[in-house]
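I have placed the structure first, in the form of structure tokens, so that the comments after it can refer back to it.
Readers should treat all values here as calculations from the given coordinates under stated rules, not as data from a laboratory. Note that the coordinates shown come from a computational prediction; the quantities given were computed from them, not determined experimentally. Cβ: placed from backbone, ideal geometry, glycine included. Neighbour counts: every protein chain shown.
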Ligand SMILES: [Zn+2]
């Protein structure tokens, strides 16, 4: 259990240091000055994305705290430090550069800040880090934030291979037909860059088939494959790595016992174990492994999930070899 671990699915905004986020939210007047820390903590842990005590969503609140170079740098550095402290030797941290441009940063500057924070952390702690830039589902159409999504690709491309290792599609899965997003990922694919797609998390299982048509390198979640045998079959045939985030899923729809991860492993799917959001899930990768162990998942299975993660990681072969030695 105490072996070195790999985290492939972790959001920067959803994994901030909660104490830092609280102070910053008061300073930026996003929450009232007299809000107690415990209330802030509970508010972010609440099941609903848009809490009645907030005028914005929980995700927007945390993104609003990260609107300049120093804060993005610091938040990334601090997250890498905390990950290293719990034995993570390789982490892919994702964020959406377009969410951090409200106070004048360009998407490119936002990415630079996160990469610089990750680089400094790699100098200071025994951890390798890759950054994933997320495109966003927003509004009721894939064209709603078309300019920002293409901007995210363009800005990301200029750093690709220099800590930035791939792209993702995040946000609310059900806003419009999933396949409407394929032009963005066709472009990413044409440019030879890696990507993963959030799908089959809260949306219908058939999104998995739509996602597979875009030929992603991985799928984020994919747990709704259990809605139909044909979805499981398609994932199995594609041998596509799945970034499963058990506690995070439990926050939305199920409990540990009913989570499909054990069935997914049994079906021979390429499962990797991840956290998603340390704040919202009140979890970390160490806890994810512990929960699975308590559910009766054997150590050797957990270890094979870890090697799935190594195979599925977006880092270069040289880094992979270094990580493999540590595993
Ligand atoms: Zn996620």
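Values as computed for the structure displayed
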| item | result |
| --- | --- |
| Theoretical gain in end-to-end length, residue 282 to residue 29 [0.36 nm per residue, Cα-Cα removed] | 88.7 nm |
| Size of region 147-198 as Cα extents on the principal axes (Å, biggest first) | 33, 19, 18 |
| Label-reachable residues, region 223-248, where backbone N falls under 16 Å from a point 7 Å from residue 262's Cα toward its Cβ | 246-247 |
| Computed helical MRE - 222 nm, the chain, DSSP H runs ≥ 4 contributing -39500 (n - 2.57), nearest 500 | -13500 deg cm²/dmol |
| Ordering of 312-325, 25-38 by burial proxy (mean other Cβ atoms within 10 Å per residue, highest first) | 312-325, 25-38 |
| Cut-off 16 Å (backbone N to label point 7 Å along Cα→Cβ of residue 68), residues of region 90-119 | 100-106, 109-110, 113-114 |
| Residue with peak Gaussian network fluctuation, the chain [Cα springs, cutoff 10 Å], from 14, 220, 268 | 268 |
| Likely footprinting exposure, 82, 94, fewest C-beta neighbours within 10 Å first | 82, 94 |
| Contour excess over end-to-end distance, with Cα ends at residue 300 and residue 102 and 0.36 nm allotted per residue | 66.7 nm |
| Rg/Rh (Cα only; Kirkwood hydrodynamic radius) as it applies to region 10-326 | 0.93 |
| For the chain: relative contact order, % (alpha-carbon pairs under 8 angstrom, 6 or more apart) | 19 |
| Sequence of 147, 81 once ranked by neighbouring C-beta atoms within 10 Å, starting from the fewest | 147, 81 |
| Residue exposure sequence - 22, 69, 256 - by fewest surrounding Cβ within 10 Å | 256, 69, 22 |
| Fluctuation leader among 283, 84, 141 - the chain, Gaussian network, Cα springs under 10 angstrom | 141 |
| Fluctuation leader among 305, 134, 199 - the chain, Gaussian network, Cα springs under 10 angstrom | 305 |
